[in-house]
Each structure stands twice: as structure tokens, then as C-alpha cells.
1. Scanning for something on the phi > 0 side of the Ramachandran plot and either part of a helix (DSSP H, G or I) or touching a strand residue (DSSP E or B) at 6+ places or on another chain (Cβ under 8 Å) (or both), does region 89-101 turn up at least one residue?
2. One residue is enough: does region 65-80 have a residue meeting the conditions part of a loop (DSSP other than H, G, I, E, B), β-branched (Val, Ile, Thr), over 18 Å from Leu110 (Cα atoms) and free of Cβ contacts under 8 Å to residues at least 60 places away in the same chain?
3. Take the conditions surrounded by fewer than 12 Cβ atoms within 10 Å (Cβ to Cβ), in a helix (DSSP H, G or I) and in contact (Cβ under 8 Å) with a residue 24 or more places away in the chain and apply them to Arg54. Does it pass?
4. Which ones in region 33-83 are among the hydroxyl-bearing types (Ser, Thr, Tyr) and over 14 Å from Thr20 (Cα atoms)?
5. For Trp10, work out the one condition from (1) part of a loop (DSSP other than H, G, I, E, B); (2) at pLDDT 90 or above it doesn't fulfil.
6. Can you run down the residue pairs with Cβ atoms below 8 Å, 6 or more apart or on separate chains, where the first is in region 23-36 and closer than 24 Å to Val85 by Cα and touching a residue at least 40 places away in the same chain (Cβ under 8 Å) and the partner is outside any strand (DSSP E or B) and of a type outside the set (Phe, Trp, Tyr)?
7. Can you pull out the residues in region 20-36 that are modelled with pLDDT under 90 and in a strand (DSSP E or B)?
8. Against the conditions (1) at negative phi; (2) at pLDDT 90 or above, where does Val78 fall short? Just the number, please.
Amino acid sequence: MASGQFVASWITTGAAGPLTIAAWSAETIEGGVDIYRLSDNETWLLESFVIAKRARHKGLGRGLYNAAVEEVRSLCAVRQGAVRVRVYSMARERESGTFWKHLLERNPELSGNMVILGATYDAVGWEERSR
């Protein structure tokens, strides 16, 4: 595997995206998230969720997450059936896991892994379902 490339168990072959949502303050980007539609056409993945340090602890993360979920719902408005939105955090990144536990107000219910340059790292994930 070449430097800079990775394989994540949650990004499947045939995934579409990303669609990027950015959070702005005046003329400055304060955060962003990429949205992928997985090959099953029912599961959407939030990836590369980033908030600038200066914008943390101000509710921007919750707002960005809610905007991403609403964007997925609007993209799926014409479809029947459930829509799943997932987010993962590598288990070794404790700050990330703590962020998601706080934001989503629950412990993770999914597991996965990421392979970076041949090393495998455990991950945990959360799923939100809507009809």
C-alpha cells in the first residue's frame, strides 16, 4: 500500500462521494465533513469530520453533524425505507471517541477497522436510523 493511502472497513467498494459540507464564520471555514453513500444505497458515512480548534466547544460540532444528517435525509426524501447514517472513530483516538459519545449521547454500537500502511487499527462506530 502506498504512503497516504488507507483502507477502512466502513468505506466499501463502490461508495459514492464525497459530498463536502463546510461550516463558515464570516469568511473563515470553521469545520467540515465529507459524506459518502455506500454501495448498499441505504447507508451513508460521515468521514473526515473536522472542527477548527478556535471553534470548538461552541456547538459547531452538533450543528455540523445535524446539517450532514439533514442533507442525507433531503437527498433520500424521494426514497422509501430506512436511511442509515454512520460515523466511525479509531479506538486509539480517545479524543475522537469521547467527542462522538458526548455528541450522540450514547456508547458506540458498531465496530470496524482501518488499515494504514499495513497496520490494522480497531475502530468503533455509531449509527443513526431514520425513516
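The values are calculated or read from the model by the stated rules, or taken from the named source; none is laboratory data. Predicted, not measured: the structure shown is a model, and the values here were computed from it. FYI the Cβ positions are ideal-geometry reconstructions off the backbone, even for glycines, and counts take in every protein chain you see.
1. So in region 89-101, the residues on the phi > 0 side of the Ramachandran plot come out as none.
No, because not a single residue in region 89-101 is on the phi > 0 side of the Ramachandran plot and either part of a helix (DSSP H, G or I) or touching a strand residue (DSSP E or B) at 6+ places or on another chain (Cβ under 8 Å) (or both).
2. Taking region 65-80 as the starting set, the residues that turn out to be part of a loop (DSSP other than H, G, I, E, B) are 76-80.
Filter once more, keeping what is β-branched (Val, Ile, Thr): 78.
So of that shortlist, the ones also over 18 Å from Leu110 (Cα atoms) come out as 78.
When the remaining residues are screened for being free of Cβ contacts under 8 Å to residues at least 60 places away in the same chain, the result is 78.
Yes, region 65-80 contains at least one residue that is part of a loop (DSSP other than H, G, I, E, B), β-branched (Val, Ile, Thr), over 18 Å from Leu110 (Cα atoms) and free of Cβ contacts under 8 Å to residues at least 60 places away in the same chain.
3. Details: surrounded by fewer than 12 Cβ atoms within 10 Å (Cβ to Cβ): yes; in a helix (DSSP H, G or I): yes; in contact (Cβ under 8 Å) with a residue 24 or more places away in the chain: yes.
So Arg54 passes the test.
4. First, pick out the residues of region 33-83 that are among the hydroxyl-bearing types (Ser, Thr, Tyr): 36, 39, 43, 48, 65, 74.
Matches in region 33-83: Ser39, Thr43, Ser74.
5. (2)
6. Within 8 Å, the pairs are Ala23/Ala55; Ala23/Leu60; Ala23/Gly63; Ala23/Leu64; Ala23/Ala67.
7. Trp24, Ser25
8. For Val78, the exception is condition (2).
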